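The next block holds one structure in the form of structure tokens; read it before the comments.
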Ligand code: ARG
Ligand code: ZN
Ligand code: CA
């Protein structure tokens, strides 16, 4: 595959309460999960069923904390901003603008911006796909879904750091594995993910067939499905190639 690339990340922690001001350790836990998942060093890689193992990819994409801020000064790669806002509206991207009580993006041509805050409607997270406007480019994570225990102290189906894995997948051009609608004609446009009718949730077991995708059925343990964090464990080679292609085109400036 391609040579390994490393994406500098800045995490913007926005907090109103102490609980939302998550620790550096929790942010680092998230960074480590991104690196494990994208390099297929995740501890649960063995949970990928044997018939899907041949499709499971090391994407050769890694992440590091930014070490220089936009002024060229040293940074931890984590910004912290106290805010009077109880939650941030996702429809208007409030967390991404100083003027809306959030914090402005660092140059998206140099960094992956990840905002961490309480999101309105308790959305787990969302991402701007390649081609998005510069000011709103990046990923947003609900603070409760960042990292894993013991740093993440919230009991939840989404406390293993996989919301970030899923959202960074979107940021690098991946669609939902079922194609976004509820029909067999829509697609994620990835050849090696089985065509799938609609999203899977919770933690399915066994073969779940749809859209003539037998004998193995839906790849519901893919990071781009809607299953629980503990039940997701792979990207495919096709997805890896799509993300690498985006990094050498629409997002190539990050490496220059
Ligand atoms: N609903 C969000 C999205 O579509 C995130 C889903 C994350 N799933 C998870 N198991 N953490 O982007
Ligand atoms: Zn999604
Ligand atoms: Ca597919």
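Of all residues in segment 201-236 being buried (at least 18 other Cβ atoms within 10 Å of the Cβ) and in a helix (DSSP H, G or I), which is nearest to the chain's Cα centre (by Cα)?
229
Please go through segment 170-189 and pick out each residue that is away from ligand 3 (no atom under 13 Å from the Cβ) and crowded, with 18+ Cβ neighbours inside 10 Å.
170, 171, 172, 173
Checking residue 167 against (1) assigned to a loop (DSSP other than H, G, I, E, B); (2) touching a residue at least 12 places away in the same chain (Cβ under 8 Å); (3) closer than 26 Å to residue 92 by Cβ, which test does it fail?
Looking at each condition in turn, residue 167 falls short on (1).
If you take the residues in segment 112-128 that are more than 11 Å from ligand 1 (Cβ to nearest atom) and more than 19 Å from residue 77 (Cβ to Cβ), which one is surrounded by the fewest Cβ atoms within 10 Å (Cβ to Cβ)?
That would be 120.
Restricting the search to segment 222-245, which residues are under 14 Å from residue 7 (Cα atoms) and within 16 Å of ligand 2 (Cβ to nearest atom)? Write out each step before concluding.
First pass over segment 222-245, keeping only residues under 14 Å from residue 7 (Cα atoms): 243-244.
Answer for segment 222-245, where residues must be under 14 Å from residue 7 (Cα atoms) and within 16 Å of ligand 2 (Cβ to nearest atom): just 243.
Going by what's in this entry, would residue 245 be described as out of contact with any helix residue (DSSP H, G or I) (no Cβ under 8 Å at 6 or more places or on another chain), touching a residue at least 40 places away in the same chain (Cβ under 8 Å) and more than 30 Å from residue 23 (Cα to Cα)?
Values: out of contact with any helix residue (DSSP H, G or I) (no Cβ under 8 Å at 6 or more places or on another chain): yes; touching a residue at least 40 places away in the same chain (Cβ under 8 Å): yes; more than 30 Å from residue 23 (Cα to Cα): yes.
Here the answer is yes, as residue 245 does meet what is asked.
If you check 147, 138, which single one turns out to be touching a strand residue (DSSP E or B) at 6+ places or on another chain (Cβ under 6 Å) and at positive phi? Please lay out each step first, then the result.
Details: 147 fails: touching a strand residue (DSSP E or B) at 6+ places or on another chain (Cβ under 6 Å).
The match here is 138.
Output the qualifying pairs, or none if there are none: Cβ atoms under 8 angstrom, residues six or more apart or on different chains, first residue in segment 217-233 and free of Cβ contacts under 8 Å to residues at least 40 places away in the same chain, second residue assigned to a strand (DSSP E or B) and within 15 Å of ligand 2 (Cβ to nearest atom).
Close Cβ pairs satisfying both conditions: none exist.
Regarding segment 41-59, can at least one residue be identified that is in contact (Cβ under 8 Å) with a residue 60 or more places away in the chain, within 15 Å of the chain's Cα centre (by Cα) and surrounded by fewer than 20 Cβ atoms within 10 Å (Cβ to Cβ)? Break it down into steps so the answer makes sense when it comes.
Narrowing segment 41-59 to residues in contact (Cβ under 8 Å) with a residue 60 or more places away in the chain: 42, 44-45, 47-49, 51-52, 55-59.
Next, from what is left, pick out any that are within 15 Å of the chain's Cα centre (by Cα): 42, 59.
Now narrow it down to the ones that are surrounded by fewer than 20 Cβ atoms within 10 Å (Cβ to Cβ): none.
Scanning segment 41-59, I find no residue that is in contact (Cβ under 8 Å) with a residue 60 or more places away in the chain, within 15 Å of the chain's Cα centre (by Cα) and surrounded by fewer than 20 Cβ atoms within 10 Å (Cβ to Cβ), so the answer is no.
Every read-out reported here was derived from the displayed coordinates using simple, explicitly stated rules and does not represent laboratory data. All of these numbers come straight from a predicted model, not from anything done at the bench. In this analysis, Cβ positions are derived from the backbone assuming ideal geometry, glycine residues included, and neighbour counts consider all displayed protein chains.
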